[in-house]
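The structure appears below as structure tokens.
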Amino acid sequence: MKNRNDFLPVTAEDVKARGWSEVDFVYVTGDAYVDHPSFGVSIISRVLEAEGFRIAILSQPDYKSCEDFKRFGRPRLGFLVTSGNIDSMVAHYTVSKKRRSYDYYSPGGKMGNRPDRAVIVYSNRIREAYGDVPIILGGLEASLRRFAHYDYWDDKVRRSILVDSRADILTYGMGENILRRIAKLLDKGVPIKKIRDVRGTVYLAKRGESLHFDSIELGDYDNLKTDKELYAKAFSIQYKNTDSVRGKALIEYYDDKMLVQNPPMPPLEREELDKVYALPYARDFHPDYETQGGVPAITEVKHSITHNRGCFGACNFCAIAFHQGREVRSRSAESVITEAKKIAAMDDFKGYINDVGGPTANFRYPSCDRQREHGVCPSKKCLSPTPCKQLKVDHTEYAEMLREIEKIDKVKKVFIRSGIRFDYLVYDDDDSFFRQLVTHHVSGQLKVAPEHCSNNALSMMGKPAIEVFEAFKKKYFRLCGEAGLEQYLVPYLMSSHPGSTMNDAVEMALWLKKWGYLPEQVQDFYPTPGTISTCMYYTGIDPQTYKPVYVAKDPHEKAMQRALLQWARPEKRRLVIQALQAAGRTDLIGYGKECLVRPDPNRGGYKGGKPADKKTDKKDNKPAGKSGKPAKNDRKDTKGGRAAAPAKTGRSGGRVNKSDNKGGRGRR
């Protein structure tokens with residue numbers, strides 16, 4: 001049975017039971033309280049606790065008045081505010097802007113426990129309750145909205161969330177060292193308005209105030225919100241300054257004030273990460289939620305391990321570079337193995353470690369030796385469109401670590417489910433890890449992310465050419481065959497990404513037909529804050545090259561592109577026919593083997609061969625074959641109206657997987 005004393009206080013009674021007369025910080029979060037290292041609130045609260053600070057958790061408070069924000073009284077040092085593990089708008093709405101019906105981060109999956117734009121609402125309620133008390137923002141919603149940003153739900157450029165929230169300071173990126181520094185300064189009596197030199201923070205100051213770092217000006221909000229070219233240039237500067245070695249301070253103007261982002265905080269090194277993950281997490285949801293059905297988010301992560309941070313893959317639709325950065329750091333093998341032993345000792349452990357991963361599972365170190373001294377290249381990517389000559393590919397340590405975990409008593413199997421970077425795997429001349437992956441770490445199917453097959457679309461996504469995925473696929477099935485295993489690939493696919501045309505979607509349909517694969521899950525591009533792709537979507541400009549980009553925004557065109565990815569479904573036939581007509585590919589409407597769809601009987605006419613008998617017609621429309629067939633448990637991942645389930649390793653932003661935009665598992 002859970003002991004509430006293993007968790008931080010969530011009520012005034014819990015505070016009194018600890019003998020505290022007050023708390024140093026009240027941590028306000030839009031998620032239910034889960035004390036597990038896959039949740040940012042848990043990590044930051046435990047880090048501050050280890051520094052001697054007294055933390056109380058105010059989880060999903062009643063936001064309709066300020067009364068619940070007075071639960072613990074006025075904290076000695078301030079309020080920490082976050083929407084939770086994901087942006088509150090993504091948690092609440094599908095890409096078609098329909099209200100979701102399920103919340104993975106709330107007790108029993110119940111919707112309505114947090115407000116839209118939670119960070120702003122919470123901060124304003126705190127101001128109502130306590131006036132000038134210090135308010136410090138953090139988490140994904142604050143981090144990705146720290147500058148003027150395009151908001152898909154309002155379809156306009158909104159001000160920095162720091163401005164709208166009336167908070168004092170915003171922390172971006174991974175916050176352990178940032179909040180340690182802020183907490184210690186506040187503890188020494190430094191006023192919050194005087195804290196100006198902490199890396200990884202954003203604050204408002206008077207125009208002309210002196211800065212602590214070299215700076216670059218982005219422009220005035222009044223211009224950024226109307227001038228798309230200026231917006232694209234500003235985003236380009238922001239993206240190029242996410243590196244802790246090269247990054248400079250950035251300035252954005254609001255009337256008589258300036259918003260200042262200090263350079264990024266350097267990432268935690270191995271010894272620091274090990275200490276963070278050794279803290280006394282309860283590794284479960286708070287016992288108060290037992291009668292409400294628990295918190296669904298814990299299911300995906302309870303028996304999983306995060307071993308790294310950062311990602312040099314830098315896909316354009318992913319916000320990891322803007323939040324965690326492209327500098328990869330990892331925990332020691334000893335630290336990871338120790339955590340695996342803790343998991344194996346849990347009462348509900350059945351023998352399966354569900355994941356040992358991160359933003360990208362098979363990254364352990366920076367992509368090249370020069371990054372530690374010179375930082376990541378501001379205008380080049382490590383893996384796309386082709387791998388950098390300086391790229392170091394090595395799976396040795398990761399493979400050995402997984403083998404050691406498998407030796408732990410009670411561990412039957414160790415799976416990798418958070419995302420293998422297939423191109424990085426292909427570039428490894430030593431195929432021993434690939435063989436190990438196939439024979440030991442795949443639970444019947446491996447999910448990978450080619451995203452598209454058209455090299456035009458892939459180039460706009462920042463992904464490698466489709467030939468790289470084809471090489472991976474061929475080798476994967478060859479190794480499965482050699483091992484005597486019938487295993488599948490489940491590809492993540494995306495429609496309507498900026499740059500993707502109807503012809504690209506047709507190319508994808510033909511590619512899937514040739515493969516013999518009909519995807520259960522299809523993602524329509526979701527423009528979330530903090531990504532290159534969202535900048536393209538709003539401006540029609542690629543901020544990396546300043547060249548124009550075609551963007552499909554019409555709902556019907558987006559529906560046609562999405563339908564082509566599931567071309568064999570009967571309910572999609574009308575849309576597929578319309579898409580093929582729009583693309584000038586009516587040769588693919590008919591009864592021949594080369595055709596994608598039969599003619600609409602109510603419309604008449606076809607060009608694609610003779611009508612087939614029932615036997616041939618049935619065979620030609622059979623969608624899935626052995627090479628790509630999704631297993632049954634993949635089909636269970638998608639449930640109507642559900643928000644993105646937790647990534648096992650803190651993957652963030654830009655990409656949410658769901659079937660026909662009705663919900664499903666997230667890949668962030």
Cα centroid separation, the stretch 127-192 to the stretch 409-467 (Å) | 36
Taking the Cα-to-Cβ direction at M346 and at V190 and moving 7 Å from each Cα, how far apart do the two end points lie in nm?
-> 3.8
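Can you give the alpha-carbon Rg of the stretch 52-185 over 2.2 N^0.38 Å, where N counts its residues? All intermediate terms of the calculation are to be shown ahead of the outcome.
Details: Rg = 14.9 Å, N = 134, 2.2 N^0.38 = 14.1 Å.
Here the answer is 1.06, to two decimals.
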Rg/Rg_globular for the stretch 273-323, with Rg_globular taken as 2.2 N^0.38 Å and Rg from C-alpha atoms = 1.56
Measuring from centroid to centroid over Cα atoms, what is the spacing of the stretch 1-46 and the stretch 71-87 in Å?
-> 11
So who's got an amide H within less than 5 Å of the one on Y550, skipping anything under 5 residues away but keeping other chains? H placed 1.01 Å off N, in plane.
-> G499
Probe 1.4 Å, protein heavy atoms only - accessible area per residue of the stretch 163-223 in square angstrom = 47
Per residue Cα convex hull volume for the chain, in cubic angstrom?
-> 155
K98 versus H440: modelled label distance in nm, points set 7 Å from Cα along the beta carbon direction = 4.4
Packing-wise, with mean Cβ within 10 Å as the measure, how do 413-424, 180-191, 103-114 rank, highest first?
-> 413-424, 103-114, 180-191
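What does the highest-first list of 492-505, 119-132 look like by mean Cβ count within 10 Å?
Values: 492-505: 23.6, 119-132: 20.0.
Top of the packing list down: 492-505, 119-132.
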If a/c stays under 1.5 just call it rounded; otherwise compare a/b with b/c (prolate if a/b is bigger, oblate if not). Do that for the stretch 167-256, with a ≥ b ≥ c from the square roots of the Cα gyration tensor eigenvalues.
-> prolate
Length gained when the stretch Y546-D587 is fully extended (0.36 nm per residue, less Cα-Cα span) | 11.1 nm
Report, to the nearest 10°, how far helix 40-50 tilts away from the longest principal axis of the Cα atoms in the chain, using its own Cα long axis and a range of 0 to 90°.
-> 30
Helix-derived [θ] at 222 nm for the chain: sum -39500 (n - 2.57) over DSSP H runs of at least 4, divide by residue count, nearest 500?
-> -8500 deg cm²/dmol
Here the convex hull volume per residue of the stretch 207-295, taken over Cα atoms and given in Å³, is 208
Against the rule of thumb 2.2 N^0.38 Å, how large the Cα Rg of the stretch 348-401 comes out = 1.50
Of all the accessible heavy-atom surface of the stretch 24-159, with the other protein chains kept in place and a 1.4 Å probe, what percent is carbon and sulfur?
-> 43
Computed over the stretch 108-236, Cα set: Rg, Dmax in Å = 15.9, 50
Mind jotting down the distance between the C-alpha centroids of the stretch 204-252 and the stretch 473-547, whole Å?
-> 32
Interchain or long-range residues, amide H under 5 Å from H286's placed H | Y33, D35
Starting from the amide H of D151, placed 1.01 Å from N in the peptide plane, find each other amide H under 5 Å away whose residue is 5 or more places distant or on another chain.
-> K156, V157, R158
Report ³J(HN,Hα) in whole Hz for each residue of the stretch 213-229, in order, from the Karplus equation J = 6.51 cos²θ - 1.76 cosθ + 1.60 where θ = phi - 60°; Gly and Pro get x.
-> 9, 4, 9, 10, 8, 9, x, 8, 3, 4, 8, 4, 6, 10, 9, 5, 5
Apply the Debye scattering formula to the stretch 267-357, with a single equal point scatterer on each alpha-carbon and no solvent, then give log10 I(q)/I(0) at q = 0.18, 0.20, 0.22 Å⁻¹.
-> -0.95, -1.06, -1.14
Between the Cα axis of helix 333-344 and the main Cα principal axis of the chain, the angle (0 to 90°, nearest 10) is 80
Rounded to the nearest 10 degrees, the helix 573-582 long axis (Cα) sits at an angle to the longest Cα principal axis of the chain of 80
In the chain, what percentage of the DSSP-assigned beta bridges are antiparallel, given to the nearest 5?
-> 35
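When only Cα pairs under 8 Å and 6 or more residues apart are kept, what is the percent relative contact order across the chain? Mind dumping the intermediate values first?
Numbers: 1431 pairs, mean separation 87.8, N = 668.
The value is 13 percent.
Heavy-atom accessible area per residue, the stretch 440-555, 1.4 Å probe: how many Å²? Don't skip to the end; give the middle numbers.
On the way: 3610 Å² over 116 residues.
For the stretch 440-555, the solvent-accessible area averages 31 Å² per residue.
Full extension from L230 to E404: what is 0.36 nm times the residue separation minus their Cα-Cα distance, to one decimal in nm?
Values: separation 174, 0.36 × 174 = 62.64 nm, distance 5.19 nm.
The L230-E404 span can extend by a further 57.4 nm.
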The stretch 367-486 - Kirkwood radius from inverse mean 1/r over Cα pairs (Å) = 16.0
Cα-Cα separations in the stretch 150-300 greater than 25 Å, expressed as whole percent = 44
For the chain, any Cys whose C-beta has no other cysteine C-beta under 4.7 angstrom counts as unpaired, and these are C66, C311, C368, C377, C382, C388, C453, C480, C535, C595
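Stick to Cα atoms and the Kirkwood definition of Rh, then tell me Rg/Rh for the stretch 13-75.
Here the Rg-to-Rh quotient is 0.96.
On alpha-carbon atoms, Rg over Rh for the stretch 436-574 using Kirkwood Rh? Provide the component values of the computation, followed by the final result.
Values: Rg = 16.4 Å, Rh = 16.1 Å.
Ratio of gyration radius to Kirkwood radius for the stretch 436-574: 1.01.
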Peptides 539-548, 514-523, 346-355, 27-36: what's the order by average Cβ count within 10 Å, highest mean first?
-> 27-36, 514-523, 539-548, 346-355
Spacing of the two label points (7 Å from each Cα toward its C-beta) at K389 and I337, in nm = 3.9
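The values are calculated or read from the model by the stated rules, or taken from the named source; none is laboratory data. For clarity, every value in this text was computed on a predicted model and none was experimentally measured. Quick reminder, even Gly has a Cβ in these numbers, built from the backbone with ideal geometry, and neighbours come from all protein chains shown. Heads up: the accessible areas ignore ligands, DNA and RNA and are worked out on the full protein's heavy atoms, side chains in. Shrake-Rupley method; radii C 1.70, N 1.55, O 1.52, S 1.80 Å.
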